[in-house]
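Enquirer: Once you've had a glance at the structure underneath, I'll fire off some questions.
The values are calculated or read from the model by the stated rules, or taken from the named source; none is laboratory data. For clarity, every value in this text was computed on a predicted model and none was experimentally measured. Glycine also receives a Cβ, built like all others from the backbone with ideal geometry; neighbour counts cover every protein chain displayed. Side chains included, ligands, DNA and RNA excluded: accessible areas come from the protein's heavy atoms. Shrake-Rupley method; radii C 1.70, N 1.55, O 1.52, S 1.80 Å.
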Amino acid sequence: MRKRTSWVAVPVGTALAAALLSGCGSEDGSGGSGGSLVMGMTDKVLSVDPASGYDPGSWLVFNNVFQPLLSFPKGGGEPQPEAAEKCGFQDGASKVFSCTLRKDLKFSNGNDLTSKDVKHSFERTLRIDDADGPAVMLHTIKEIETPDERTVVFRLNTSDATFPQKIASGAGSIVDHREYPADALRKDGKAIGSGVYTLDSYDSDKADFSVNSGYTGPAEARNSGMTMKFFDDQEALRKALTDREVDLAYRGLATKDIAELEMATTREREGVQIVQGTSAQLHHLVFNVKHPQVSDVGVRRAVAHLIDRSSLIRDVYRRTAEPLYSVVPAGITGHNTAFFDRYGERPDRTKAQAALRSAGIEGKAKLTLYSPPERYGPDTTREMEAIAKQLNASGLFEAQAKVVELERYEKDVAAGKYPVYVRGWIPDYPDPDNFVDPFFGKDSILGNGYESGRIAGELLPRTAAQSNRAQTVEDFGAIQDQIARDVPVLPIWQGRQYAVARDGVAGLEWTLDASTVFRFWELSKS
């Protein structure tokens, strides 16, 4: 996500796996098909107003309480009709997008949902333009027309073939124009939508949801409600799991504990299940190409020749992630292995030394890597230390890893003080554009000084005009190849999604995919 660009993979504590395994057995409580579930998480919900929230916790609420025009089907990347009956581009340049709403749509308060509400929702988000909101995703909207109550026409100021994906995300949440002011955020902690669930109550400790009986759309709820419990620290989440206070835990689990659960025998795991899903969450090393330590591409290429991703995945992340060899992750249209093809899988000291010599460096190159533990967790600290160790082991670098508190980290990155730093990425929508444009387009969020006129001025605009995304593969391949040549970033790993649940909880496999949509309605408990 563009404003909150992290995957917070922070440990829960080393006791989780052992405690779960020793506490196995059936869960107390009557529960059953159609019953309610309790989920624990360490993420916070920063806003329940779709014009403001742009973080994983908030979007979890939006995806379940509000309806977008389109939505991502389980296991799929192509948006399908949701509040809309049908949608599509009306021109060959991907600049006019029209939707026809379903009949008889209503908000959970009983008010009719019409094209007026759709227009109000998008214009409101853009007008408020909250610093922590998703307005940045909607800036291609020029104007919105509503010729009748069921028709919405978006006229875009530039070609944007990813517009359907953008409005299928949390940024496309439709709100009631009677309930949400046009130029201010809602402050009462309430949420009125037309989605599968209603938000019954919300505070700093938990959020309670019940099924919206007036929902009209393709989803079918397999439970009667959900409760999300928020935990301030990972030890508290661990205790909630072992005490059966929650049915499942999502986000915030330690890589060590996940690894131990995965290696446990079926008998040892009796009563506990760990569910793994696909993910497009990424970790990159970012090079500040204006900083003297890495301004020469030869230094950056030398680092690329020496990184051993497999060792990092094995020793730091306990095989709970995958090595990543391009900026577009595996499973996303257009993915290639540009960094693998150019730099290989294993460290190559000879090629690294040649790259340094091309930069005019005869001795050891000095390098400092920075990371903030508050955002990315101790695993990232260990990752940076392991990378520095790999570089130093070659005899070609004098590298060190430094930990900086988050506020200072963000300010120093913006000021261009760090030569190398870490960034994580949770995609807004599963399209290659969302892994390229935010970093290498005209309004890059990396702050690393890298510019490519060919990428920003030629290749990305051409892909944005192509509504058939399969036809963008060649251009996205060219972008990835150029990034591998220039090395403004170094892709390190691609994450997996995990949830731990008690036996009897079903449907988790339909909530953990590259769309990042956690679908409450797919879950059930017996």
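Enquirer: I'd like the full set of residues that are open to solvent by 20 Å² or more (accessible area, probe 1.4 Å) and at pLDDT 95 or above, limited to the range 312-341.
Expert: 323, 325, 335, 336, 337, 340, 341
Enquirer: Still on this structure, I have one more. If I filter the range 482-490 for residues that are at pLDDT below 95, assigned by the TED database to the domain that holds residue 291 and outside any helix (DSSP H, G or I), do I get at least one hit?
Expert: No, the range 482-490 contains no residue that is at pLDDT below 95, assigned by the TED database to the domain that holds residue 291 and outside any helix (DSSP H, G or I).
Enquirer: On to the next question. I'm checking my understanding of the structure. Among residues of the range 179-214 that are among the polar types (S, T, N, Q), under 27 Å from the mean Cα position of the chain (by Cα) and modelled with pLDDT of 95 or more, which one is least open to solvent (accessible area, probe 1.4 Å)?
Expert: Of everything passing the filter in the range 179-214, 194 is least open to solvent (accessible area, probe 1.4 Å).
Let's see how each residue does on (1) acidic (Asp, Glu); (2) touching a Leu at 6+ places or on another chain (Cβ under 6 Å); (3) open to solvent by 10 Å² or more (accessible area, probe 1.4 Å); (4) in the same structural domain as residue 507 (by the TED database):
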{"site": "43", "(1), (2), (3), (4)": "yes, no, yes, yes"}
{"site": "85", "(1), (2), (3), (4)": "yes, no, yes, yes"}
{"site": "92", "(1), (2), (3), (4)": "no, no, yes, yes"}
{"site": "101", "(1), (2), (3), (4)": "no, no, no, yes"}
{"site": "114", "(1), (2), (3), (4)": "no, no, yes, yes"}
{"site": "118", "(1), (2), (3), (4)": "no, no, no, yes"}
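Enquirer: May I ask you to list the residues in the range 73-101 that are under 25 Å from residue 190 (Cα atoms) and part of a loop (DSSP other than H, G, I, E, B)?
Expert: Correct list: 82, 83.
Enquirer: Where residues in the range 67-93 are at pLDDT 95 or above and acidic (Asp, Glu), which of them is nearest to the chain's Cα centre (by Cα)?
Expert: 82
Enquirer: Can residue 95 be described as touching a strand residue (DSSP E or B) at 6+ places or on another chain (Cβ under 6 Å) and farther than 20 Å from residue 83 by Cα?
Expert: So residue 95 passes the test.
Enquirer: Let me ask another. Taking the range 169-178 as the search range and keeping residues that are within 12 Å of residue 50 (Cβ to Cβ) and either assigned to a loop (DSSP other than H, G, I, E, B) or free of Cβ contacts under 8 Å to residues at least 60 places away in the same chain (or both), which one is nearest to the chain's Cα centre (by Cα)?
Expert: Result: 169.
Enquirer: Tell me which residues, restricted to the range 150-168, are touching a strand residue (DSSP E or B) at 6+ places or on another chain (Cβ under 9 Å), over 12 Å from residue 118 (Cα atoms) and assigned to a loop (DSSP other than H, G, I, E, B).
Expert: Of everything in the range 150-168, those that are touching a strand residue (DSSP E or B) at 6+ places or on another chain (Cβ under 9 Å), over 12 Å from residue 118 (Cα atoms) and assigned to a loop (DSSP other than H, G, I, E, B) turn out to be 157, 158, 160, 161, 168.
Per-residue answers, yes or no, for (1) closer than 18 Å to residue 488 by Cβ; (2) touching a Cys at 6+ places or on another chain (Cβ under 7 Å); (3) at pLDDT 95 or above:
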{"site": "367", "(1), (2), (3)": "yes, no, yes"}
{"site": "370", "(1), (2), (3)": "yes, no, yes"}
{"site": "397", "(1), (2), (3)": "no, no, yes"}
{"site": "407", "(1), (2), (3)": "no, no, no"}
{"site": "419", "(1), (2), (3)": "yes, no, yes"}
{"site": "436", "(1), (2), (3)": "yes, no, yes"}
{"site": "443", "(1), (2), (3)": "yes, no, no"}
{"site": "459", "(1), (2), (3)": "yes, no, yes"}
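Enquirer: Scan the range 49-71 residue by residue and report those that are open to solvent by less than 10 Å² (accessible area, probe 1.4 Å), assigned to a loop (DSSP other than H, G, I, E, B) and not polar (S, T, N, Q).
Expert: Across the range 49-71, the qualifying residues are 49, 50, 51, 53, 54, 55, 66, 69.
Enquirer: Of everything in the range 380-400, what is under 17 Å from residue 313 (Cβ atoms), among the acidic types (Asp, Glu) and surrounded by fewer than 21 Cβ atoms within 10 Å (Cβ to Cβ)? Give them in sequence order.
Expert: Selection gives 385 alone.
Enquirer: Something else: So residue 525 fits all but one of (1) buried (at least 24 other Cβ atoms within 10 Å of the Cβ); (2) modelled with pLDDT of 95 or more; (3) on the phi < 0 side of the Ramachandran plot; what number is the exception?
Expert: Here residue 525 meets the rest and fails (2).
Per-residue answers, yes or no, for (1) of a type in the set (A, V, I, L, M, F, W, C); (2) touching a His at 6+ places or on another chain (Cβ under 6 Å); (3) touching a residue at least 60 places away in the same chain (Cβ under 8 Å):
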| residue | (1), (2), (3) |
| --- | --- |
| 60 | yes, no, yes |
| 64 | no, no, yes |
| 67 | no, no, yes |
| 72 | yes, no, yes |
| 82 | no, no, yes |
| 93 | yes, no, yes |
| 99 | yes, no, no |
